[in-house]
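This report concerns only the one structure given below.
The values are calculated or read from the model by the stated rules, or taken from the named source; none is laboratory data. The shown structure was predicted, so the numbers you read here are calculated from the model rather than taken from an experiment. Because the Cβ atoms are built from the backbone with ideal geometry, glycine has one as well, and the counts that use them run over all protein chains shown.
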Amino acid sequence: MKAAFFDIDGTLVSGFSGVSFFEFLANKNKFRKKNRDGLVKAVKQYKVSKITYEQLAVIWGQEIASGLKGQKRTEIYGLSSEFWQYVKPKFAVWAKKLISLFNSHQFNTIAISGSPIELLNLYKEKLDFQNVYATTVETKNDIYTGKLIINLVLGKEK
C-alpha cells in the first residue's frame with residue numbers, strides 16, 4: 001500500500017493550530033488558563049531559542065494533560081467543530097485538493113501532528129485524511145484523567 005504523510009502545523013496550516021485550539025478552549029473555560037499560559041510561554045521561548053525542541057515537547061505534553069484534566073472528552077470534541085470556523089482560513093487553499101488527489105490515487109493519507117487528537121480528528125473529517133496520529137491524553141468514563149498517553153511533539157515518537 002502507498003502512503004502519503006502530512007504534517008499539519010507550519011505545513012498545511014500557518015502557525016501552531018494546537019496552541020490556538022487551547023487558547024480557544026481556555027476562552028470557553030474548558031482548558032485551564034494557567035496551562036494555556038504555560039503553552040504560549042513555552043512556544044515563545046522555543047522560538048527565541050531559550051528552550052530546546054525537546055524541552056518544548058515535554059512542557060507541551062504536561063500542560064495539555066494538566067489543562068484538560070477533569071473535562072469531558074465529548075464536550076471538547078464538540079468545541080473542536082466550532083473551532084473549525086476559526087482555523088479553516090489558516091489552512092493552505094490547496095490542502096484539501098492535495099489530500100483528495102492522493103486519496104484518488106489509492107494512497108493512504110495520514111496526518112501526524114503534535115497537536116491534540118481532538119483537533120486531528122476534526123481535520124480528518126474536514127480534509128478527508130484516512131488516518132490521523134496526534135498527542136493523546138487519557139480518558140476514563142469520558143473524563144480526561146490528566147495522564148498523557150502519547151506526545152507526538154517528541155521527535156522520536158513522531
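Results, tabulated for the structure shown:
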| item | result |
| --- | --- |
| Pairs with Cβ under 9 Å, 6+ apart, first in segment 35-51 and farther than 18 Å from LEU68 by Cα, second small (Gly, Ala, Ser) and surrounded by 15 or more Cβ atoms within 10 Å (Cβ to Cβ) | ILE51/ALA42 |
| 1 or more residues over 17 Å from ASP7 (Cβ atoms) and touching a Leu at 6+ places or on another chain (Cβ under 8 Å): qualifying strands (runs of 3 or more DSSP E) within segment 46-156 | 131-140, 143-150 |
| Residue count for segment 13-38, restricted to those that are under 14 Å from GLY114 (Cα atoms) and either at pLDDT 95 or above or in contact with a Lys or Arg (Cβ under 9 Å, 6 or more places away or on another chain) (or both) | 7 |
| Members of segment 61-78 found to be at pLDDT below 95 and hydrophobic (A, V, I, L, M, F, W, C), listed by number | none |
| Count of residues meeting criterion [buried (at least 19 other Cβ atoms within 10 Å of the Cβ) and more than 20 Å from GLN85 (Cα to Cα)] in segment 30-41 | 5 |
| Some residue of segment 11-29 being in contact (Cβ under 8 Å) with a residue 24 or more places away in the chain, in contact with a strand residue (DSSP E or B) (Cβ under 9 Å, 6 or more places away or on another chain) and of a type in the set (D, E, K, R) | no |
| Tally, over segment 16-29, of residues that are buried (at least 18 other Cβ atoms within 10 Å of the Cβ) and not in a helix (DSSP H, G or I) | 1 |
